[in-house]
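One structure is given below, encoded as structure tokens.
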Amino acid sequence: MQSDINKMNITHRRHIKTGMNNAQLQLIVKIADTGSFTRAGQELNMTQPAVSRAISSLETELGVVLFIRNRRNGAMLTDIGKRILRIFREILQGFEKVDQEIAKEKGLEVGAIRIGAFPVASAHFIPKIIRCITEKYPNIEFSIHEGTIAEIKEWLETRFIDVGLLIPPVHELETFPLYREKMFAVLRDDHPLFKQSVIRVQDLQDEPMIICRAGFEPPVIDWFNKAGVNPLEKFVVYNYNTGLNMVQEGLGMAIMSELSLFNLPPNVGVREIEPQGYRDIHIAVHSLEESSIAVKLFIETALQLFA
């Protein structure tokens, strides 16, 4: 019996050793991210036939199908592919951390940081953070992914990104307060409430509202709920510039943060709201302890600049 168990263990170790390597892991993750064998090959300097052969060979060796090939929808992960993709990402992050530790020992700071942020945070915070880091550590690479708050949370949970800028509440993630900004009413100059220097939140009851899903909705909804106010959600947009332009067209008013109000369209103004509302922006990672040296450097730099 013990002999059979030993044989199984030997077979299992050989299977893992021969079945997976760093290049194959990178290829699988790249196909999953791009949804295409061709685009993945282009980014990894491989031809499409070479990509297909590599994946087919790996699937044969593993004994499972990782991707569904479809001309219309590209390459889609199978159920087993989806389940193990997160593990593949963790393994690659482990390789990255090893490389960074070796580089640190040699006096060289290297690494790659995948950042997720909603548009306003991406425009205001990310460039300054990257500039400060690259001045000291020019070998660190960055990739930036913009999305909604829900998308950023999902990207962190699935390890698609290493660090995210988002709005609380955040569960099962490690977060660090970065910045608190005021919220304002944004309205056209012919709106009846524009004449008021300060707008009471109660005045917004049943007011046609343009809701921006670019990081504004969690604090705005919470703010309204606490005041017992139910504005009329007339339009939902995903970009704050779109929201500003809709205000300009007289389609309603919006609640936006101070960082999104630098370039207002003509005939559009802002008014303070009483009581004052705020939006807190946090940095989030899946686990600071498990984060790479480069990601920890990113967080440290961001907090020094803005917290």
Go through (1) touching a Phe, Trp or Tyr at 6+ places or on another chain (Cβ under 6 Å); (2) under 26 Å from I167 (Cβ atoms); (3) modelled with pLDDT under 90 and name the single condition I130 misses.
(3)
Would you mention how many residues in segment 30-69 are in contact with a strand residue (DSSP E or B) (Cβ under 9 Å, 6 or more places away or on another chain) and either assigned to a helix (DSSP H, G or I) or of a type outside the set (S, T, N, Q) (or both)?
15
Select from segment 244-284 the residues that are among the β-branched types (V, I, T) and touching a Lys or Arg at 6+ places or on another chain (Cβ under 9 Å) and write down the one among them that is nearest to I149 (Cα to Cα).
I281
R72 versus (1) in a helix (DSSP H, G or I); (2) exposed (fewer than 12 other Cβ atoms within 10 Å of the Cβ): which is the lone unmet condition?
(1)
Scan T175, T158, T134 and give me the residue that is under 13 Å from the mean Cα position of the chain (by Cα) and of a type in the set (S, T, Y).
T158
Out of the residues in segment 204-222 that are under 21 Å from P192 (Cβ atoms) and buried (at least 16 other Cβ atoms within 10 Å of the Cβ), state the one that is modelled with the lowest pLDDT.
V220
Matching residues in segment 288-301 - criterion: being part of a helix (DSSP H, G or I), under 15 Å from E174 (Cα atoms) and of a type outside the set (F, W, Y):
V295, K296, I299, E300
Sort through R114, R86 and tell me the only one that's at pLDDT 85 or above, assigned to a helix (DSSP H, G or I) and not β-branched (V, I, T).
R86
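Anything in segment 121-162 that is in a helix (DSSP H, G or I) and in contact with a Gly (Cβ under 6 Å, 6 or more places away or on another chain)? List them, or say none. Before the answer, list the steps.
Kept after step one, since they are in a helix (DSSP H, G or I), are these residues of segment 121-162: 121-124, 126-136, 149-157.
I149, I152, W155, L156 - these are the residues of segment 121-162 that are in a helix (DSSP H, G or I) and in contact with a Gly (Cβ under 6 Å, 6 or more places away or on another chain).
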Can you tell me which residue in segment 227-272 is surrounded by the most Cβ atoms within 10 Å (Cβ to Cβ), limited to those that are β-branched (V, I, T) and within 19 Å of Q196 (Cβ to Cβ)?
I255
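The values are calculated or read from the model by the stated rules, or taken from the named source; none is laboratory data. All values reported here derive from a predicted model rather than from experimental measurement. No Cβ is skipped: glycine too gets one built from the backbone with ideal geometry, and neighbour counts run over all protein chains shown.
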